[in-house]
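These notes concern the structure reproduced below.
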């Protein structure tokens, strides 16, 4: 059993005399895995079919001699300049029709045959050269799949994908509701990507384009994986990146990677960074189906709020790293090992900062590296969680591409809000797909699940009937997977309510409930048909109308919450009480590891301590502890 520790290593940026120093520093820091080659295509293949592997041979040999394993990457996220010169048709085109030029990373269209062929070629060459190198631990395909292109090549592939999905234009026209605005298609050739247009794009066309790109990028990944698998049985993965711009269905991709791996970069400097860290880790564990996964990248020393870099306070790097491990990661890796002396990300923090090893950052890196071997046995344990929050990326995409009743409706924000409340109560949650088997959870929360299939709706009904507690949030069950309005809504019968009208709220407005609670963002005219009213709106046009309802269904209960509750009101509904610390438990048989992270300003004493593995008891402000008990 081991926990991986290290990060992206880019030796091509440095002189060979630095390589030996790096290996020595890695040994001091407890590093046992580095990712090599992610952005090295021009160094490996300076001209078409001309490979220069000598420098990489030396690097891998040095790492192996130093006891450091290698996650060897294919460099296909950043084609070299010669490729763009020879294949300008492979440069990406934006939604408004502008073809981008070379000069950054991700300068490719994954639909371009020349790009796919070149990507397979460099993957094949790496496999042939290094498949039996003793330093290798795993293969790393590409980097942060997510580039979208709207060029003519993408349009051709999109049409092929649509023909496979729908079979006939009649079915496509029905799914896209093309009778609206005279959009009916009589020829496949008339269909284009949802490029910038006069007004609003067709929402189902937009959603299908996101679905298409996820499938197309997956096909590109699998082509490289196939080349590697021909010669190597080592695990193959790619690093998932999370963001509104990413057209990748990670839950779907998880079945095709041998290890789910994520990159995670919080964009807050307050406690929101800790909330986001837990959110990203729980999401990764959901994609991995509860199995171990890997934090492939994080920032060692800074948090990027967009307009400024915030330096992580002493101990914060370790807390973030251990929070990921507590929530299922097989280790903690960073981007990158040594800070770059030039280039677009020269101010990105690193394990070895510009200040060198005689620095607070490197000392904290080395301290964490010395502690992780003591936690190695947790690698084969499971994270305990009996609450689930539903997550569906297609619902998120659908709400991004649809003209909604309020521009403030935000699926990701609703999901984050639900997760944040349980995090502050010290309750670990799983993320689950709407149609998943939810029988192991005492409570399932459904935040603003705008899009839902018939199968998923039936699965949620079965969950409640068998004894589950379900809380459905506002603006849920509105459309089917073709984005056609459901009337009645998908949850109408289960919840025993009928929503007559939406009442979106201004951003600076609130509604008051009869219990004294408050809501914001959204409200609805709800009829309690067969449900019990738990709370009502007080005042305004909805005065006396149901705001929160519940209905007994079989052995379980289904709740409906028709507004975005404030924290106090939500705490009442979910029976939550604030906790001063983050507590996560992992279990294997009769052994439990309790991870405690004190993000507050006061010392915290851990009850029923057991045996301290790392950290301090009591846990000081900003500190952490891991306790083993049997």
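Here, each number is a calculation from the coordinates, and none is a lab measurement. Please read all numbers here as calculations on a predicted model, not as lab measurements. Using ideal geometry, Cβ is built from the backbone for each residue, glycine included, and neighbour counts are taken over all protein chains shown.
Tabulated data for the structure shown
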item: Distance cut-off 31 Å, percentage of C-alpha pairs in the chain lying past it; result: 56
item: Contact order normalised by residue count of the chain, Cα under 8 Å, 6+ apart, percent; result: 10
item: Distance between modelled label sites at residue 374 and residue 579, nm, 7 Å Cα→Cβ extension; result: 2.2
item: Cα-derived Rg over Rh, computed across region 582-629 with Rh taken as Kirkwood radius; result: 0.97
item: Antiparallel content of DSSP bridges confined to the chain, in %, to 5; result: 55
item: Reciprocal mean inverse distance between Cα atoms of region 387-574 - Kirkwood radius, Å; result: 16.4
item: Share antiparallel - DSSP beta bridges, region 387-574, percent rounded to 5; result: 60
item: The chain: calculated mean residue ellipticity at 222 nm from DSSP helix runs of at least 4, using -39500 (n - 2.57); result: -9500 deg cm²/dmol
item: Cβ crowding within 10 Å averaged over residues, with 219-229, 400-410 ranked highest first; result: 219-229, 400-410
item: By average C-beta atoms within 10 angstrom, highest first, the peptides 325-334, 81-90; result: 325-334, 81-90
item: Region 212-270, Rg to Rh (Cα coordinates; Rh as Kirkwood inverse mean 1/r); result: 1.05
item: Contour excess over end-to-end distance, with Cα ends at residue 101 and residue 384 and 0.36 nm allotted per residue; result: 97.1 nm
item: 5 Å binning of all Cα-Cα separations within region 1-156, expressed as whole percents from 0 upward; result: 2, 9, 18, 20, 16, 13, 10, 7, 4, 2, 0
item: Computed FRET value (nearest 0.05) for residue 629 with residue 255, which takes r as the C-beta separation and R₀ as 35 Å; result: 0.50
item: Sequence ranges 445-451, 12-18, ranked by mean other-Cβ count within 10 angstrom, highest first; result: 445-451, 12-18
item: Descending semi-axes in Å of region 132-179, equivalent ellipsoid built from Cα gyration tensor; result: 39, 13, 10
item: Likely footprinting exposure, 191, 365, fewest C-beta neighbours within 10 Å first; result: 191, 365
item: For region 20-68, alpha-carbon Rg over 2.2 N^0.38 Å; result: 1.31
item: Per-pair calculated FRET efficiency, R0 = 35 Å: residue 587 and residue 27 via Cβ, rounded to 0.05; result: 0.60
